[in-house]
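Q: Encoded as structure tokens, here's the structure I'll be asking about.
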Amino acid sequence: MKPVVQLEGTGCGIAAVATLAGVGYREMQGVANRLGIFADDPRLWSETGYVRRLLKEYRIRSARTEVPFTSWEALPDLALLAVKWHKARDHAFWHWVVFWRGPYGPVVLDSKRGLRRHLRTDFGRMKPKWLIPVSSM
């Protein structure tokens, strides 16, 4: 699995689903836009509905509910994680990343454009709030 870098400042949800689907950012952006999903819409990073619609479009199954994060060891083999979770004006916001237990061990695929490495293993620095387990159909 290869990380997809977000091409828009608020496109982490689009990039995370592109990573899971194995497609590029521009392709996923086009699909998202066709579905009425745009990176600058706060619902992409403050609600789960848009990301779930994109997952469904690519036949990627997701759990029906979010699961609280308890530990890195307890994570499923593949999940979307909500990191950098915070509240602003009584509304929750987060950054979407992909957790994957790959052949060389667990990694987080982070789409943030400014990172030098998008495959992360610095788990102590990331503070997931909750996750959505996912699997291919």
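Q: Taking every pair of Cα atoms in the range 61-110, average 1/r, invert it to obtain the Kirkwood radius, and report Rg/Rh to two decimals. Can you show the working numbers first?
A: Working: Rg = 12.4 Å, Rh = 12.2 Å.
A ratio of 1.01.
Q: Additional query: Quick check: Cα centre of the range 1-78 to Cα centre of the range 86-127, how many Å?
A: Here the two parts' Cα centres lie 12 Å apart.
Q: If you rank S71, S135 by fewest surrounding Cβ atoms within 10 Å, what's the result?
A: Least crowded to most crowded, the residues run S71, S135.
Q: In the structure displayed, which of K2/K87; K2/K129; K84/K129; K87/K127 lie more than 19 Å apart, Cα to Cα? Could the numbers behind the result be given before it?
A: Working: K2/K87 30 Å; K2/K129 24 Å; K84/K129 8 Å; K87/K127 15 Å.
Among K2/K87; K2/K129; K84/K129; K87/K127, the Cα-Cα distance tops 19 Å for K2/K87; K2/K129.
Q: Tell me, what is the FRET efficiency for T10 and E73 to the nearest 0.05, using R0 = 25 angstrom and their Cβ-Cβ distance as r?
A: The formula returns an efficiency of 0.20 here.
Q: On each of the three principal axes of the Cα atoms of the range 12-136, give max minus min coordinate, whole Å, ordered largest first.
A: 37, 37, 32
Bear in mind that the values in this text are calculations on the coordinates, not laboratory data. These numbers were taken from a predicted model, which means no experiment stands behind them. Backbone-built Cβ (ideal geometry, glycine too); neighbour counts: all protein chains shown.
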